[in-house]
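Q: The structure that follows is given in the form of structure tokens.
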Amino acid sequence: MKYFPIFWAMGGRTVLVSGGGSMAVAKLRLLMKTEASVIVFATRAGKDIQVWADEGRLRLIARTLRASDLKEAALIYAANDAAEDNERAAALAQAEGTPVNIVDNLEASDFITPAIVDRAPVTIAIGTEGAAPVLARAIKADIEERLPTNLGLLARAGKVFRPLAKRLISGRKHREFWAEYYSETGPRTVETEGVEALPVALDALLTRHVNAEAAPGRVDLVGAGPGDPDLLTLKARKALDKADVVIHDQLVAPEILELARREATIIEAGKQGYGASISQEKINALMIAHARSGAHIVRLKSGDPAVFGRLDEEIEALAAAGIDWQIIPGITAASAAIAQIGQSFTRRGRNASIRFITGHDMKGFAEHDWRTLSRTGEVAAIYMGKRGARFLQGRLLMNNASPDTPITIVENASRPQARIRVTTLRGLPGSVADLTGPAIILLGISSRHAALAPRHEVQMDRAL
């Protein structure tokens, strides 16, 4: 992030604009919406600026900017038509230590002005670090269409009522009160009874929330999917938005954790095969302790929590402690991997079943029905199989599997850094030796590599 977005208090501040042409007018349309005192310095000012000055919305000084003008300025915009005039204004600002924006000169500016969606006091700023202003405008237009025009009105009413609500309720009750106001009570009241009915509706809503019993703590066991945030379910997104505490595995993508509330407590509770781990007992204790304090917990697991996620152990611990819970499924990594290689797990005439197996268990390398897996046409998705690749190969060959059995390995399925390797049982150990990310081994499946090559890193094993 090259630019850090902030909202600057403008009340009682002075903003200077150097220039009187069309570029200055564009900036002034935004600046005049603020509470700042705006002063324009221009030897020649356009008609719009003259009108605004006559209306008292800004002050117009018919000369160029001087160093003495900068003493009380909070911000300066250099919006002259001539580049040399902007350079002069910027030099004066920089000498005084005043932040300056030079219109159409990103590199020399101290700050940039984002595209703005205005539902005051609700303001949404959209920035692309100057890389794609057309994209910023498109995003602005999309948000403008989605936000109701009365949102600002609801926010202003809520702002007046906020001190009373804060005195009477806090924590989750406080959030639930405001969520209900903005999503249901407020819009419905304005639509059916008008703005004047908002104070009574707010008071009734607050009374109901104050008198309601505090909701007990609960745990949502949520599947985060294989890594691509777009593959997260809508129900999982809603759970993250409401959670007080998020307890997540190491494999959960940072982009998904960004979807949690900023105020939420984020706890990494990683378990890594053959590596440092937090014990399952400690994870259970964390969930129970936070839930007993009344918190809403999201236990966030990579992929689907019901697939090699030790879900039963966590449910049993929660149930024994009397904690309410629910499962929110996610897309398991195998589903993302098979989609990424353009294949199907089942095919008429080839296989009527698919096995999801793990490469290791609590005792070490996992044992399976190797005789069945070794048959021609069998298909399996093997999780956590990198370290046990040679063991898997040996067990299958011992049970008469063909060395030419097709295998596709997908590392970091669904993520931008995904890699696809096409090999055979003969070349399996060597094909996973240098992989560092989570990988799914697809036994009996070959990638449609020719079609996917332009979009993914597809590597053909030399053993083929």
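The values are calculated or read from the model by the stated rules, or taken from the named source; none is laboratory data. This is a predicted model, so every value here is computed, not measured. Cβ: placed from backbone, ideal geometry, glycine included. Neighbour counts: every protein chain shown.
Q: Tell me, yes or no, whether segment 308-328 has at least one residue that is among the polar types (S, T, N, Q) and either within 16 Å of ALA269 (Cα to Cα) or in a loop (DSSP other than H, G, I, E, B) (or both).
A: Looking through segment 308-328, none of the residues is among the polar types (S, T, N, Q) and either within 16 Å of ALA269 (Cα to Cα) or in a loop (DSSP other than H, G, I, E, B) (or both).
Q: Hey, among ALA91, ALA115, which residue is more than 33 Å from the chain's Cα centre (by Cα) and not β-branched (Val, Ile, Thr)?
A: ALA91
Q: Let me spell it out: the conditions are (1) assigned by TED's automatic domain parsing to the domain that holds LEU30; (2) assigned to a loop (DSSP other than H, G, I, E, B); (3) not acidic (Asp, Glu), and THR128 meets all of them except one. Which number is the exception?
A: (1)
Q: Follow-up. Restricting to segment 237-251, count the residues that are over 12 Å from the mean Cα position of the chain (by Cα) and closer than 21 Å to SER335 by Cβ.
A: 5
Q: I've got another one for you. Suppose the filter is over 28 Å from ALA243 (Cα atoms) and either assigned to a helix (DSSP H, G or I) or not polar (S, T, N, Q) (or both); does ALA179 pass it?
A: Spelling it out, it is not the case that ALA179 is over 28 Å from ALA243 (Cα atoms) and either assigned to a helix (DSSP H, G or I) or not polar (S, T, N, Q) (or both).
Yes or no, residue by residue, for (1) surrounded by fewer than 13 Cβ atoms within 10 Å (Cβ to Cβ); (2) outside the structural domain of PHE308 (by TED's automatic domain parsing):
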site: ARG172; (1), (2): no, yes
site: GLU184; (1), (2): yes, yes
site: VAL200; (1), (2): yes, yes
site: LYS235; (1), (2): no, no
site: HIS248; (1), (2): no, no
site: LEU259; (1), (2): no, no
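Q: Further question: Out of all the residues in segment 94-107, which are loosely packed, with under 14 Cβ neighbours inside 10 Å and within 11 Å of ALA78 (Cβ to Cβ)?
A: ASP104
Q: Only one of LEU221, LEU286 is within 22 Å of ARG310 (Cβ to Cβ), outside any loop (DSSP other than H, G, I, E, B) and within 24 Å of the chain's Cα centre (by Cα). Can you tell me which?
A: None of the other options fit; the residue is LEU221.
Q: Considering only segment 361-407, state which residues are in contact with a helix residue (DSSP H, G or I) (Cβ under 8 Å, 6 or more places away or on another chain), surrounded by 14 or more Cβ atoms within 10 Å (Cβ to Cβ), more than 23 Å from THR332 (Cα to Cα) and among the hydrophobic types (A, V, I, L, M, F, W, C).
A: TRP370, LEU396, LEU397, ALA401
Q: So which pairs qualify, if the first residue must be in segment 299-318 and within 19 Å of ALA239 (Cβ to Cβ), the second must be among the acidic types (Asp, Glu), the Cβ gap must be under 6 Å, and the two must be at least 6 apart or on different chains?
A: LYS301/ASP249; SER302/ASP249
Q: Please verify whether segment 337-348 includes one or more residues that are hydroxyl-bearing (Ser, Thr, Tyr), outside any helix (DSSP H, G or I) and farther than 17 Å from ILE440 by Cβ.
A: no
Q: I'm trying to understand the selection: among the residues of segment 279-290, which are in contact (Cβ under 8 Å) with a residue 60 or more places away in the chain and either of a type in the set (Phe, Trp, Tyr) or over 13 Å from GLU314 (Cα atoms) (or both)?
A: The answer is HIS290, and nothing else.
Q: Of the conditions (1) of a type outside the set (A, V, I, L, M); (2) on the phi < 0 side of the Ramachandran plot; (3) touching a residue at least 40 places away in the same chain (Cβ under 8 Å), ASN399 clears all except one; give me its number.
A: Every listed condition holds for ASN399 apart from (3).
Q: Name the residue, out of ILE327, ILE323, ILE338, that is assigned by TED's automatic domain parsing to the domain that holds SER302 and in contact with a Leu (Cβ under 9 Å, 6 or more places away or on another chain).
A: Among ILE327, ILE323, ILE338, only ILE327 is assigned by TED's automatic domain parsing to the domain that holds SER302 and in contact with a Leu (Cβ under 9 Å, 6 or more places away or on another chain).
Q: Taking only segment 31-57 into account, find how many residues are loosely packed, with under 13 Cβ neighbours inside 10 Å and either under 15 Å from THR14 (Cα atoms) or not assigned by TED's automatic domain parsing to the domain that holds ALA79 (or both).
A: 2
Q: Tell me, yes or no, whether segment 148-171 has at least one residue that is under 30 Å from PRO329 (Cβ atoms), of a type outside the set (A, V, I, L, M) and under 31 Å from the mean Cα position of the chain (by Cα).
A: Yes, segment 148-171 has at least one match.
Q: For the condition small (Gly, Ala, Ser) and in contact with a Phe, Trp or Tyr (Cβ under 7 Å, 6 or more places away or on another chain), what is the one hit in GLY437, GLY377, GLY394, GLY388?
A: After applying the criteria, what remains is GLY388.
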